[in-house]
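What follows is a single structure, written as structure tokens, with notes after it.
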Amino acid sequence: MPNTSVQLDRIFQALADPTRRAVVQRLGSGAASTLELAKPFAMALPSFTQHLSMLERAGMVRSRKTGRVRIYRLAPKRLREAEDWIHDQRKLWEGRLDQLDAYVRTMKRDDDEQ
């Protein structure tokens, strides 16, 4: 369980930044080079590659070097792990809200009967 928690922390930390979310979104349509990914952002390439490194450390992207070009691909398994965690939390809270709703209805019915 602790490894899962650490991995989820890395995933959510990586997704906390809008630049990294945009990169993940872009890679959803296919692999791209570092320069292709960096083009829409107004930042120096070394700063941008730090974003890519964080995504790679989180296991969300994979890269390979072909000659002098590094190509990045999405690693969807990590996104599924985050999605599963969010789904579990949603089920938990929906259950709690359903219980609260039932309790409030019971209380209202009791008040109406008095």
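Here are a few things to note about the model shown:
- Taking 49, 66, 34 as the candidate residues, the one with maximal mean-square fluctuation in a Gaussian network model of the chain, Cα springs under 10 Å, is 66.
- Anchor residue 91: aspartates and glutamates whose Cα lies under 16 Å away (excluding residues fewer than 8 positions away in-chain): 81, 83, 101
- Tensor-based shape of segment 1-43 (alpha-carbon gyration tensor, a/c under 1.5 rounded, otherwise prolate or oblate): prolate
- Using alpha-carbon coordinates, inclination of helix 76-113 to the longest axis of the chain, degrees: 20 degrees
- Straight Cα distances below 19 angstrom link residue 65 to the lysines 39, with same-chain residues fewer than 8 positions distant left out.
- Charged-residue dipole, Cβ positions (Lys, Arg, Asp, Glu), segment 2-113 about Cα centre, Debye nearest 20: 1240 debye
- Equivalent ellipsoid, segment 2-113 (semi-axes from 5 times Cα gyration tensor eigenvalues, Å): 43, 14, 11
- Relative contact order, percent, segment 42-103 [alpha-carbon distance under 8 Å, six or more residues apart]: 19 percent
- MRE, 222 nm, helices only [DSSP H, n ≥ 4, -39500 (n - 2.57), over the chain, to nearest 500]: -23500 deg cm²/dmol
- Relative contact order, percent, segment 2-113 [alpha-carbon distance under 8 Å, six or more residues apart]: 26 percent
Every read-out reported here was derived from the displayed coordinates using simple, explicitly stated rules and does not represent laboratory data. This one's a predicted model, so the numbers in the text were calculated from it and none came from an experiment. Glycine gets a Cβ as well: all are built from the backbone with ideal geometry, and neighbour counts include every protein chain shown.
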